[in-house]
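Every number in this text was worked out from the coordinates using simple rules, so none of it is lab data. Values in this document were obtained by computation on a predicted structure and should not be read as measured data. Cβ placement follows ideal geometry from the backbone for every residue including glycine, while neighbour counts extend to all protein chains displayed.
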Amino acid sequence: MPAAARVQPKDFFTPEEWGPLTRRSSWKGLALVAHAWGVIGLAIAAAVVWPVLIPLSVMIVGTRQLGLAILMHEAAHGGLHPNARVNDFVGHWLCAVPIGASLASYRPYHLSHHKYAQQAEDPDLPLSAPFPVTRASLRRKIVRDLTGQTYFKQRVAPFFRRRQPDAPEGANVTVRSVAPFFLVNGLMLLGFGLSGLWWAWFVLWLLPMATWFPMVTRLRNIAEHACTPALDDPLRHARTTRANLVERALIAPYWVNFHCEHHMFMYLPCWSLPEAHRLLGAKGVWPRMETAPGYLAVLKTASARPA
């Protein structure tokens, strides 16, 4: 099947508008990575001092672990830093490896997703194709996420299986990154242990990774592509979800909710997506795009199949 239809930036933006949107930064991407780790550190510290905050900290840390995955995604597009070596080093070691991923494995897999978005060759199609489902089915998926069952299936069980040479790239990402993952996380556990807080690594790093992180990753995947029209329309391959402050803090960090704009112009840095969205609205393009007013609205659509 031919590649998914594309749009031309010149059809939507003037050169004066497009230039600032595409400009790479030597500090913004690095600042976002620092922000993610800073929020994680503050959430862990707050929970250590005030244990009553542990449930909230688990949600915040899990969302920033998703944030690290989003910044790995940014690095896969070369957007974290204009220097390719810096981009790949930071994207791999500071974003991908701590959460059990591999930038080198993820990049070709993800770019294939962009090339064949929502078509049979799209490696991410299984994530969106089953929707809509029933409310009971969606509820069961979320329960599996929050009880660690999804994490065990996706991140633990593959360690005990032989690598499948004919499997899609994404299927072996966790297996390929197991040694770096254990190295980095072993150092983190050692650091917590030397501080007398060995338990915090399990409760405030591993627990969020095994529960909240899979759940918000699922919500993100649903919002991005589930129930989008199966049309040869590059403005409808992906969905932009308008996220409020709470949703940005606990579900959709680092402008990941502007996914329609990302698929339309996939090499825009993530910090340019809100401005691209604003300009498209000013030009009257929003009605042609796939959008949703919030994550609850998306979940309602995605769980609309009768029981």
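Numbers for the structure displayed
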{"quantity": "For the chain, built as a Gaussian network whose Cα springs stay under 10 Å, the top-fluctuating residue of Asp232, Asp122, Asp11", "calculated": "Asp11"}
{"quantity": "Peptides 237-243, 201-207, 50-56 ordered by average Cβ neighbours within 10 Å, highest first", "calculated": "237-243, 201-207, 50-56"}
{"quantity": "Amide H within-cut-off set for Thr240, under 5 Å, with H built and near neighbours excluded", "calculated": "His259, Cys260, Glu290, Thr291, Ala292"}
{"quantity": "Acute angle (nearest 10 degrees) that the helix 178-194 long axis makes with the longest principal axis of the chain, alpha-carbon atoms", "calculated": "50 degrees"}
{"quantity": "Cα coordinate range in the range 82-159, projected on the principal axes (Å, largest first)", "calculated": "47, 30, 22"}
{"quantity": "Between 0 and 90°, nearest 10: helix 28-49 axis offset from the chain longest Cα axis", "calculated": "40 degrees"}
{"quantity": "Computed helical MRE - 222 nm, the chain, DSSP H runs ≥ 4 contributing -39500 (n - 2.57), nearest 500", "calculated": "-15500 deg cm²/dmol"}
{"quantity": "Extension gain from Ala249 to Leu190, taking 0.36 nm per residue of separation minus the Cα-Cα distance", "calculated": "18.4 nm"}
{"quantity": "Mean separation of Cα contacts under 8 Å, 6 or more apart, over the residue count of the chain: relative contact order %", "calculated": "25 percent"}
{"quantity": "Reported label for calculated Kirkwood radius over Cα pairs in Å given (i) 20.2; (ii) 19.0; (iii) 20.7", "calculated": "(i)"}
{"quantity": "Fluctuation leader among Asp124, Asp233, Asp145 - the chain, Gaussian network, Cα springs under 10 angstrom", "calculated": "Asp233"}
{"quantity": "Choice from Leu296, Leu183, Leu194 showing the highest fluctuation, given a GNM over the chain with Cα pairs closer than 10 Å", "calculated": "Leu194"}
